[in-house]
Amino acid sequence: MRRGRRRLLVFLSLAAIACTACGCATGYVVRAAYEEARLLWRRQPIDRVLARPDLDADTRAKLELVLAARQFAADTLGLRAGGSYTSFAVVDGGEVVHVVTAAPRNALTPYTWWFPIVGDVPYRGYFEAADANALAGRMERDGYDTLVRPAVAFSTLGWFNDPLPSSLLRDDASRLAETVIHELTHNTLYVPGQAAFNESFATFVGLRGAELFFVQRAEAARATRVTARAVDAQTFATFLDGAIARLDAAYRQGIDEPTRQALFTALQRDAAQQHWITDDYAGFWRSPLNNAVIVQDRLYADRLDVFDALFTARGGDLRGVIRAVVDTANRKPRDPWSAVAALR
């Protein structure tokens, strides 16, 4: 109990520093610190949960998988696991954090918020949906496109031992392993002010890592599902590059709102006609589209081919690729994309 309380105090101190340094609204930071501390306080060791005789079989299997995936991430991939995902926290409701993304209506330039340690971040999270929607409403009135989306997993970048939120147990086993490896990648590498690089690298490692994890466990069906998602991720990244080029060209020329909406409709029609193996990206053409959606999607699908090309060049040595990317990005944090591309 004493150790947990010390971690709580450290978190509150960091929140106070963040508030002072970046001029954040005091209420926002204090509320974020409170909710994060409340989640951490509810943690209980997964081993203790597994010892319960009344635990249902599906939950037991998924918790055991989480422990195996994090051990694989540490031992085989060399990721910094620490004590993350060795504990479990029951989450009220379906989501943990509600994330706001915004962009001007005439440019694919993300609106950013600055925080100590992480630098400029193109999203802002809230533990209450009402707070996220209120911010989005204010930004819409100020002329921005916005998107509010739930995030069922998050990383404190190794500052704390992140628990597994109960909301993640809704995922199937293949996606659950992918998520654990994705989040542990953030513990291992986070380049301040390079959100797209950080998230896209974690997307790559999560997919390739989960694929290798199930291959080594001789679980062919689950490995195949992850491989299918990896192929679709590359397809979407390539499509999104073209879509962004079309939108950028249109915005440079200047277009009115009806023309902009017509372009969004055309992009959604084109996206639906791509060759997809899974339905992971169906939301792109089934849900309302605006600049904030494009900006948010690009965070997780930016230049995935850079990482895949390095992976191929290194003979599929994922651990070696991770080590090379981490070392290179830490040495050249101002332009990690060019530095990593040069490794090929």
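Here are the numbers for this structure:
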item	result
Modelled FRET efficiency - R0 35 Å, Ala51 with Ser338, Cβ distances, 0.05 increments	0.10
Simple label model, 7 Å out from Cα along Cβ direction - Thr76 to Arg149, nm	2.8 nm
Gain upon complete extension [Glu140, Arg60; 0.36 nm per residue less C-alpha separation]	24.4 nm
For the stretch 111-232: relative contact order, % (alpha-carbon pairs under 8 angstrom, 6 or more apart)	21 percent
For the stretch 203-344, Kirkwood radius (reciprocal of mean inverse C-alpha pair distance, Å)	16.9 Å
Among 69-78, 164-173, 242-251, the order from most to least packed when residues are scored by Cβ within 10 Å on average	69-78, 164-173, 242-251
In Hz, Karplus ³J(HN,Hα) per residue of the stretch 296-311 (6.51, -1.76, 1.60; θ = phi - 60°; x = Gly, Pro)	5, 5, 5, 4, 9, 9, 8, 6, 4, 5, 4, 6, 5, 5, 5, 4
Sequence-distant residues sharing a close amide H with Ser87 (under 5 Å, placed H)	Ile46, Leu164
Relative packing of 55-63, 143-151, which averages over residues the other C-beta atoms within 10 Å, highest first	143-151, 55-63
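No value in this document is a laboratory result; all are computed from the given coordinates. Fair warning: this is a prediction, and the values are worked out from it, not measured in the lab. Heads up, the Cβs are rebuilt from the backbone with ideal geometry, glycines too, and the neighbour counts pull from every protein chain shown.
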